[in-house]
Amino acid sequence: MKPIRDKIVVQACANIALIKYWGKRDENLFLPTKNSISISMPNLVTTTCVQENSTDQIILDNKILSEKESKKIVNFLDKFREIYKIKQKFKIITQNNFPTAAGLASSSSGFAAIALGLNKYYDLNLSKKELSILARQGSGSACRSIYNGFVIWFKGQKKDGSDSSAQQLFDEFYWPEFKILSVIVNDQEKLVSSRIAMQQTVNTSSYYKEWLIESENRIPKVMDAIKNKDFNRVGQLAQDDCLGMHKAIRLSNPKIDFWQEGTREIIKIVENLNKSSIDCYFTIDAGPNVKILCLDENYEEIKKVILDSKFSVL
């Protein structure tokens, strides 16, 4: 199989899980322990160039990665080569317009962009479902970034992962009033990666199984709330799910706590805004940075409060 052009450039948006993915039943195929629901982040974008090279070379945010740093991406390329029976090596040049590996879902847009790029590079004409399954094998949440808007990722039942893919619930134009502020507490790479923290939580947390059941039960409730554009219900369910996930993480052994002083300060700001009748909710992935869910009518006011508190907003 030969490429149809010298190089291609594609883009993918990060997504934030409203109902979280946290835990794998198969670490090699990135098969999750439960379903999850996300919304795309159109302002958080990865731009990726794929081209032929004599060896695999990964350039991330203008830095040539070492063999160790590029291992996850090269492993994904190896899976792709195995699936499509090719031997070609690649130069992957990828750029995020937001902090990388800081709890802002850069892996979701990053691996989705590589999957989209490889598909276009070879003119494979993969369906959205096939692209979702391919991207998932680089990073679980990447399967959701193949789509924009509100997306569900089905955990599936099959051992080969052929039924574990994402599906769009509503496109990005369905609910334009639904807004997200990404508040930067710390833009540095996390001390503990999501992959390590995830499996440590699954293996050792005393609360993980309880959260798993609670989170799965939220899925139909969130789907119904999105369908009916019930913002407060979506926000409260997402916030509850976030709090449950981080409780499970903190109860792992040894303890992991992604939150920092600034994280807790933002949470307090959200609580105070709600007390003053400005509806908003928070959700946090594996990192210190906070996403604030709100409606368009309150977006600028909330943004001003955050900026006045000396935090930056994406």
Out of the range 119-140, which residues are in contact (Cβ under 8 Å) with a residue 40 or more places away in the chain, out of contact with any helix residue (DSSP H, G or I) (no Cβ under 6 Å at 6 or more places or on another chain) and within 19 Å of Gln88 (Cβ to Cβ)? Lys120, Tyr121, Tyr122, Asp123, Leu124
Considering residues of the range 127-160 that are surrounded by 23 or more Cβ atoms within 10 Å (Cβ to Cβ) and part of a loop (DSSP other than H, G, I, E, B) only, the residue nearest to the chain's Cα centre (by Cα): Ser139
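Touching a residue at least 12 places away in the same chain (Cβ under 8 Å) and surrounded by fewer than 19 Cβ atoms within 10 Å (Cβ to Cβ), is that true of Asp163?
Values: touching a residue at least 12 places away in the same chain (Cβ under 8 Å): no; surrounded by fewer than 19 Cβ atoms within 10 Å (Cβ to Cβ): yes.
Taking the combined requirement at face value, the residue does not satisfy it.
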For Arg81, all conditions in the list (1) surrounded by fewer than 16 Cβ atoms within 10 Å (Cβ to Cβ); (2) of a type in the set (D, E, K, R); (3) closer than 22 Å to Leu131 by Cα hold save one; what is the number of the exception? (1)
Could you tell me how many of the residues in the range 49-107 are closer than 15 Å to Lys2 by Cα and touching a residue at least 40 places away in the same chain (Cβ under 8 Å)? 10
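Report whether or not Glu27 is under 15 Å from Gly117 (Cα atoms) and surrounded by fewer than 16 Cβ atoms within 10 Å (Cβ to Cβ).
no
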Any residue at all in the range 75-90 that's at pLDDT 95 or above and part of a strand (DSSP E or B)? yes
Of the residues Lys89, Lys72, which is farther than 20 Å from Phe30 by Cβ and either more than 21 Å from the chain's Cα centre (by Cα) or surrounded by 15 or more Cβ atoms within 10 Å (Cβ to Cβ) (or both)? Lys89
Out of the residues in the range 164-183 that are more than 16 Å from the chain's Cα centre (by Cα) and in a strand (DSSP E or B), state the one that is farthest from Ile302 (Cα to Cα). Leu169
So Ser193 fits all but one of (1) surrounded by 16 or more Cβ atoms within 10 Å (Cβ to Cβ); (2) within 14 Å of the chain's Cα centre (by Cα); what number is the exception? (1)
Give the range 285-312 a look and list any residue that's of a type in the set (A, V, I, L, M, F, W, C), more than 11 Å from Val270 (Cα to Cα) and at pLDDT 95 or above, or say none. Leu295, Leu307, Phe311
Give Lys20, Lys7 a once-over and let me know the one that is buried (at least 19 other Cβ atoms within 10 Å of the Cβ), under 19 Å from Ala112 (Cα atoms) and either at pLDDT below 95 or in the same structural domain as Ala113 (by TED's automatic domain parsing) (or both). Lys20
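Condition check ((1) without any contact (Cβ under 8 Å) to a residue 24 or more places away in the chain; (2) part of a loop (DSSP other than H, G, I, E, B)) across all residues:
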{"site": "Glu216", "(1), (2)": "no, no"}
{"site": "Pro220", "(1), (2)": "yes, no"}
{"site": "Ile226", "(1), (2)": "no, no"}
{"site": "Gln239", "(1), (2)": "no, no"}
{"site": "Trp259", "(1), (2)": "no, yes"}
{"site": "Glu265", "(1), (2)": "no, no"}
{"site": "Ile269", "(1), (2)": "no, no"}
The conditions are (1) assigned to a helix (DSSP H, G or I); (2) touching a strand residue (DSSP E or B) at 6+ places or on another chain (Cβ under 6 Å), and Phe111 fails exactly one of them. Which is it? (2)
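The values are calculated or read from the model by the stated rules, or taken from the named source; none is laboratory data. Here the structure is a predicted model, which means the values were calculated and not measured. Positions of Cβ are generated from backbone atoms using ideal geometry, with glycine treated the same way; all protein chains shown enter the neighbour counts.
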